[in-house]
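Before any comments, here is the structure.
Values in this text are rule-based calculations from the coordinates and carry no lab data. The structure presented is a predicted model; accordingly, all values stated were derived computationally and were not measured. A quick note on method: Cβ atoms are made from the backbone with ideal geometry, for glycine too, and the neighbour counts reach across all protein chains shown.
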Amino acid sequence: MFEKSSQNNRLPTSDADWDDIISRVYDVALDPSRYETLLDTWETTMAPMRSGRIEAPAIDDVAILKHFSRAAEFLERGDTAAGPSEIEQLLAQFDTMATMIIDHKLSVLALNDAAARVLRCGEDAPLSRIALDDLDRTALTRQCARMLSSDGPLSAVFRARAADEGHFIIFHMKRVTLQSGTPVLIAVTSDLSWPVGFGDILASAFELSKAEVDIVRLLVECCSLKEIAETRGRSVETVRGQLKTILGKTETHTQVELVRLAMSMMDIATLTTETNPGPRVISKGFEALAPIPFQTIATEDGRSLDYLVLGDPDGTPILFLHMDFGFARWPASAEAAARAEGLKILVPVRAGFGNSSSVPKGSDFGAIVTQDLIAVLEAENMPPCPVIALGADHLIATELDLLRPGQVTALIAAGGVFPFVRPQQYERMHKWHRFIQAGARYTPQVLPFLVKAGFHLAKRGGKRAFVHSVFGESPADIATFEDPEVFEAMITGSEICLSEAHNAHNAFARQALYEHSDRAVEVVRESRGRFPFVSFNGAQDPGVHPDTLAEFAEDYDWIDFKLYEDAGQLIFFRHWHKILEMTKTFL
């Protein structure tokens, strides 16, 4: 029996009811597969409260909250014991490449076997002991110290000479933040190699011929003019003359300056799939989706943000917001259509998702994610443009336009979810959606645990099983999900939300709380008259019943609601053609 606090708030149910809930909370912490049993018990206990027949629960009772906190700790421990550590997951992505992780002490926190052979060191070794030339070891240590500082660069390419053999090694380094908030560097090392496609970048930038690009490559790989001449079957004088032409085209004066320029361009270009370090630096499908690199920028407060560009990088811009499930990719045919039609789809990775730094504790969620959007827009020089927002992300789009008036030329909500202001709107939901949505509204103190447990269930049981549970009462959503192109897009895109490298349960919970705050109602009202606003909705949405949608249409009469009988919450993936065509009318 748990202790009651001395507060005056009255518990709505008997001690036996609460004992049952607490017992099931611990059951879930030990075995997330029991999540649905907790859901049913919670529903039975909380339903009278939502209908107003009883008072809201004293969920701020200290003893109750302690139980949820302990259960969350058990859940975290169990997850850690069930699989590889976060560091092991980072290294696992580079099993065939020499990779080490460097900590704030400028020591080797971890490394794989390939790195141990190349650098001849082990874990906990200081950088001053790895097998490099003495001067280069010192320079590498300084570079790592700069990168690990709060205002240091997020990525860098560093060239160093091996201690004995004398050949050069490239370090492709990226700063990432562990779930604990601790920054580390991932350094992917290899014998110096010319990045795939980098020659084309040099040729385009400086109008170099193929022969001239080859000379630059050989210089970067530390070949002498004599070695270059022998490799190319030319005389040294011919190569010297070609080098003079290259120096003129690149506006450099010496071989050292030329090599330094090429190395800097490698850093800017962020290299290729094989040499670009860091977890999930490429969003890559498993069938038809093309691999797309994540771009990274730094915010003024020292946080990092990732984003993707789908479609045509030089095309007409559209901003796409991925909602709390992190659906950052489109079906392959949709991405191909955007590319063919000259559309640039900018997809910012929200704070706390993927490698984007979390919103600091105690900060205003809506304000921070809006400022993050502006930072990404400025990085891409994005002019005013229409926005496609999944779920309740139209709130963030409106916040964007409030902070930067005129940025949003039109707002298209796909599966638009609006603030629930009537108790019956919760009752109409399917139970999985009601569990989280009503939790955010009525018991926000314990929502983080409920969300974390759900994420652990999805991780252990797999996304397909989880989607079938959450959307099981929506035939349209299940049919949409099982379409091969949609399945690939949802599984690949949502890696920023849940994968071996990422778990965005904290960001998910904070967004849910924001969506159920008084601020959310204010934001929707502020959207009136700011821009054309269209919401595509499905009649089979498990979270928004048609009757609820009719109430939305009445409450927000400036929004054009379009209802599709054959769709549910995943309407974007089912009717992307229609949504994209609508969006194009506002370009």
Computed from the beta carbon distance with a Förster radius of 30 Å, FRET efficiency for Glu522 and Lys431 to the nearest 0.05 stands at 0.55
Counting only residues 5 or more apart in sequence or on a different chain, those whose built amide H sits under 5 Å from that of Val108 are Asp124, Ala125, Leu127
Taking Lys431, Lys584 and counting other beta carbon atoms within 10 angstrom, the fewest-first order is Lys584, Lys431
Once phi for every residue in region 572-579 is put through the Karplus expression 6.51 cos²θ - 1.76 cosθ + 1.60 (θ = phi - 60°), the whole-Hz ³J(HN,Hα) values, with Gly and Pro written as x, are 4, 6, 8, 10, 4, 4, 5, 5
With label points set 7 Å from each Cα along the Cα-to-Cβ direction at Val421 and Leu178, the distance between them in nm comes to 4.7 nm
With label points set 7 Å from each Cα along the Cα-to-Cβ direction at Thr585 and Asp124, the distance between them in nm comes to 6.7 nm
For the Ala337, Ala203 Cβ pair and Förster radius 25 Å, calculated FRET efficiency rounded to 0.05 is 0.25
For region 86-181, the dipole about the Cα centre with charges only on Cβ (Lys and Arg +1, Asp and Glu -1), to the nearest 20 debye, works out at 340 debye
Taking a straight Cα-to-Cα line shorter than 28 Å from Lys562, and setting aside same-chain lysines fewer than 8 residues away, one finds Lys344, Lys431, Lys578, Lys584
The size of the Cβ-based charge dipole (Lys, Arg +1; Asp, Glu -1) of region 322-440 about the Cα centre, to the nearest 20 debye, is 420 debye
Under the Karplus relation with 6.51, -1.76 and 1.60 and θ = phi - 60°, whole-Hz ³J(HN,Hα) for region 550-562, x at Gly and Pro, equal 4, 5, 4, 4, 6, 6, 10, 6, 8, 9, 8, 8, 10
